[in-house]
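For reference, the structure discussed in these notes is given below.
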């Protein structure tokens, strides 16, 4: 009950935080008619916020800082070296019609072919020095004529302006750099310059004297009047009920739909599981409100999705991601909706793959691969259509790398928190299931040594239940682990169960000769099993296999014996206390438990159809008794489970060739 109350309060908290920006909206705004006449209560100097913001926006549009892009500079240098090498091949070729990097005049062709080796080296060196000077000053998509003029100025040491050496070199540099730029906009430096310019400029001030008329009743409020009213505290703030109620109801409905989807995916969902999902929504909504507009969608959406997909399943993780993206409060800086789309795509991949991971090492690999994939996706979006999507101040590689690194750190933190959340919120991850299924764990070792017959029966049940779960697409890892622990309660009195009794020893139930007391012993193996589950801190979903594999079945043998002594004895005294199976996995285990002994007792010459009929009869008895009513198993799935049991039985009864064993020879005296 406390968990349910906390869950309800958390849903309302998410709704309140999501609608928080609309809780304190001004009752007036520029352009609206003034509801009263206002005069200045005292002298004041008021900042003209509209003029200040207008000046700032003008500076943002016209002010930016460009820096040298070293990667593009290196690429242009390599292009120049290729053109020099191509020009040298033209000079060595006797064919005058060979196509080169530039069009050559007759005088340039003669000079190119007659120059000495020392002149060629000096000429190449002069071109490289001129290129260095031009690139260090920055190229910005200049026209061909402008490039030739700039190159000719840099190549003054190559002789006359119209000489072949200087004209050819200027044409070569111009053709190499035509249409290219080695400058890029630096957002951080641009923003710093804008702030410096705003600081240096005079801040627009409105001089107000006491008694000055600010606005008359009924007149539209001007931006300057609004700034003065706000300065004197004449504008009250309160809820804007329309957007507030819309946002509040959207957030509350989103939480409700998410919990319904989670409940449909997991019928045995606990309130604390829902509390974890809603709590993560609360934290992310608060972070968006606090860090806006610098919050990263990747950092906010992906790690919680991975955590919930690992602990509660892929569908639960995807439902959380959908609600979180729906409640995003405002447009995102940078890529806008593109960043949210990338974050949702990465989160969906994380949810789909994380639900299948079976070890914590694979989770750590995901913590490395997901940020790498996100970095690549944002870089491709920036390269493909970045100009319009990102705006003037597009993030550079360092910013994208920082965002991916932050996401990786948060993913690592989420993975480190998983063991704590497993204990605190009862999560059951794949890695945890694999750890619990280790037969060297203390409780399973006790079962194998103190109740070996029960342990052998458990292994047989595992084979049947796993095959049945695999046939209908149920959770194989969960049913394997649950099957291993379903009979641990027999440790309290192993000799009272026939599989642990040694041939020749008397059955304790015969000596007791009290059917009601014997029924209590059978029920005790369920009660004691639950006690052991709590002592060894088994997860709730694994512990559910202990009572649900028996459901409310009749203890038929002892009921028959009791009615031989007293025909009026109540049947309820000889039924397990339940509950009946509430999931497909516990339902399959109940069927496997009922069919295992019968299948093992079938004679060797039994056909598949006879085995199928036997299993079908046992399962139909369970169905008529209402044991599968809450298990969500359909008739088609039950039929697939029956066939799976028969396949396992066929493997169990395979024939072997008898090997002759020679008689042991006696040792000579």
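Here are a few things to note about the model shown:
- Relative contact order for the chain, counting Cα pairs under 8 Å that sit 6 or more residues apart, in percent: 13 percent
- Normalised by residue number, the volume inside the convex hull of the Cα atoms of region 243-432 is 112 Å³ per residue.
- Axis angle, to the nearest 10 degrees, between helix 2-18 and the longest C-alpha principal axis of the chain: 20 degrees.
- Sorted fewest first by neighbouring Cβ atoms within 10 angstrom, 278, 65 come out as 65, 278.
- Nearest-0.05 FRET efficiency for residue 160 and residue 118, computed from C-beta distance (R0 25 Å): 0.80
- Mean silhouette area of region 66-181, derived from the convex hull of its C-alpha atoms and averaged over all directions, reads 6.8 nm².
- Highest to lowest packing among 461-471, 487-497, 556-566, scored as the average C-beta count within 10 Å: 461-471, 487-497, 556-566
- With q set to 0.10 Å⁻¹, the log10 of I(q)/I(0) for region 162-287, from the Debye formula over equal scatterers at the Cα positions, is -0.81.
- Reference-scaled alpha-carbon Rg (2.2 N^0.38 Å with N residues) for the chain: 1.54
- With the convex hull drawn around the C-alpha atoms of region 526-599, the volume per residue stands at 98 Å³.
- Convex hull volume of region 469-595 per residue (C-alpha atoms, cubic angstrom): 118 Å³
- Normalised by 2.2 N^0.38 Å, with N the number of residues, the alpha-carbon radius of gyration of region 121-210 equals 1.78.
- Value at 222 nm in deg cm²/dmol, rounded to 500, when DSSP H runs of n ≥ 4 in the chain each add -39,500 (n - 2.57): -21000 deg cm²/dmol
- Overall dimensions of region 437-652 by Cα: Rg and Dmax, Å: 16.9, 48
- For the chain, the longest principal axis of the alpha carbon atoms and the long axis of helix 476-485 meet at an angle near 40°.
- The Rg/Rh ratio for region 223-285 is 1.33, where Rg is the radius of gyration of the alpha carbons and Rh is the Kirkwood radius.
- 0 to 90° range, to nearest 10: angle between helix 117-137 axis and the chain longest Cα axis: 70 degrees
- Scoring 179-189, 535-545, 340-350 by mean Cβ neighbours within 10 Å over their residues and listing the highest first yields 340-350, 535-545, 179-189.
- Distance between the C-alpha centres of region 454-521 and region 113-165: 91 Å, rounded to the whole angstrom.
- Packing here is the average count of other Cβ atoms within 10 Å per residue, and on that basis the peptides 584-593, 567-576, highest first, run 584-593, 567-576.
- Residues of region 624-656 falling in the label zone of residue 607, defined by backbone nitrogen less than 15 Å from a point 7 Å along Cα to beta-carbon, are absent.
- Label point distance in nm, residue 499-residue 140, each placed 7 Å from Cα along Cα→Cβ: 8.3 nm
- Which of 320, 290 has the fewest Cβ neighbours within 10 Å, and the rest in rising order: 290, 320
None of the figures in this text is laboratory data; all of them are computed from the coordinates on show. Computed from a predicted model, the values in this text were never measured in an experiment. Please note: Cβ atoms are built from the backbone with ideal geometry, for glycine as well, and neighbour counts cover all protein chains shown.
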